[in-house]
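S.K.: Structure below; questions to follow.
The values are calculated or read from the model by the stated rules, or taken from the named source; none is laboratory data. No experiment lies behind these values; they were computed from the predicted model shown. Glycine gets a Cβ as well: all are built from the backbone with ideal geometry, and neighbour counts include every protein chain shown.
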Amino acid sequence: MIGDGFAGWVFFLLLSLWLWSGMGLAQPIPGQGANYKLVPNLEPMKDQSPTPDFTLSDPAGKQLSLKGFRGKIVFLNFWASWCVPCREEMPAMERLYQEFKNRNFVVLAVNVKDKRNDALAFIKELKLTYPVGLDPEGKVGLLYGAWGLPTTYLIGPKGEGLARVWGPAEWYSPGARQLIKGLLDVKKR
């Protein structure tokens, strides 16, 4: 008698608390349910833990911090002017940035262990318009485990790590564009 009524009451109470807390009305979270297989070798981050913040100077000497891009999907790319695969993928990254920059998407490129003049010449030659941070000692690259270049992370609007890839990718392929569009569409809801 007490068992049946008590169990039902406990179930009702727990269900009510669950629904009241919003867990039953799950809000979409960028990265959850994203089809990362659209970009070969892109690996989802299992725990979506916060990414380390950093501050670097851009080519004009202005300070850039990862935290300054909160609220956006951040495409964080580590590169160097001497890296041939970096040179090959960066024009596609520029096209991706141009397509989605007005939708809370940013490409943030971190130049690692490069001479300033080489990095600036590279940026000018490829006509890159997205933000670039200079990391001449490679400290931020090491912080993110960018042992080889290029290395790219996708970071959610709250600074959470969504996915990463070591090596180059076809960043303006239909699959990559579909992935970014999907991440941005979830963020809008």
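S.K.: Pick from the range 135-165 the residues that are among the charged types (D, E, K, R) and not in a helix (DSSP H, G or I): which of them is nearest to residue 35 (Cα to Cα)?
M.R.: 164
S.K.: Follow-up question, since we're still on this one. Go through (1) modelled with pLDDT of 95 or more; (2) surrounded by fewer than 20 Cβ atoms within 10 Å (Cβ to Cβ); (3) not in a helix (DSSP H, G or I) for residue 181 and report which single condition fails.
M.R.: Of everything listed in (1) modelled with pLDDT of 95 or more; (2) surrounded by fewer than 20 Cβ atoms within 10 Å (Cβ to Cβ); (3) not in a helix (DSSP H, G or I), residue 181 misses just condition (3).
S.K.: Give the residues of the range 146-158 that are more than 25 Å from residue 88 (Cβ to Cβ) and within 8 Å of the chain's Cα centre (by Cα), sorted by residue number.
M.R.: Hit for the range 146-158 is 156, nothing else.
S.K.: In addition: Of the residues 80, 92, 119, 109, only one is farther than 15 Å from residue 176 by Cβ and in contact with an Asp or Glu (Cβ under 7 Å, 6 or more places away or on another chain); which?
M.R.: From the options 80, 92, 119, 109, the qualifying one is 80.
Table: residues versus (1) more than 17 Å from residue 134 (Cα to Cα); (2) modelled with pLDDT of 50 or more.
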| site | (1), (2) |
| --- | --- |
| 20 | yes, no |
| 25 | yes, no |
| 34 | yes, yes |
| 40 | yes, yes |
| 43 | yes, yes |
| 47 | yes, yes |
| 52 | no, yes |
| 62 | no, yes |
| 67 | no, yes |
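S.K.: Could you go through the range 160-178 and let me know if any residue there is surrounded by 20 or more Cβ atoms within 10 Å (Cβ to Cβ), of a type in the set (Val, Ile, Thr) and on the phi < 0 side of the Ramachandran plot.
M.R.: No, the range 160-178 has no match at all.
S.K.: Of all residues being surrounded by 15 or more Cβ atoms within 10 Å (Cβ to Cβ) and polar (S, T, N, Q) in the range 73-102, which is nearest to the chain's Cα centre (by Cα)? Just the residue, please.
M.R.: Here the residue is 77.
S.K.: Is it fair to say residue 129 is in a loop (DSSP other than H, G, I, E, B) and of a type in the set (S, T, N, Q)?
M.R.: So residue 129 passes the test.
S.K.: Note down all Cβ pairs under 7 Å where the first residue falls in the range 129-141 and is farther than 14 Å from residue 63 by Cα, the second is assigned to a strand (DSSP E or B) and of a type outside the set (A, V, I, L, M, F, W, C), and they're at least six residues apart or on different chains.
M.R.: 141/135
S.K.: Go through (1) touching a strand residue (DSSP E or B) at 6+ places or on another chain (Cβ under 6 Å); (2) free of Cβ contacts under 8 Å to residues at least 24 places away in the same chain one by one and return the number of the condition residue 147 breaks.
M.R.: In the conditions (1) touching a strand residue (DSSP E or B) at 6+ places or on another chain (Cβ under 6 Å); (2) free of Cβ contacts under 8 Å to residues at least 24 places away in the same chain, residue 147 misses (1) alone.
S.K.: If you check 122, 105, which single one turns out to be farther than 21 Å from residue 51 by Cβ and either surrounded by fewer than 18 Cβ atoms within 10 Å (Cβ to Cβ) or not hydroxyl-bearing (Ser, Thr, Tyr) (or both)?
M.R.: Testing whether each residue is farther than 21 Å from residue 51 by Cβ and either surrounded by fewer than 18 Cβ atoms within 10 Å (Cβ to Cβ) or not hydroxyl-bearing (Ser, Thr, Tyr) (or both) leaves just 122.
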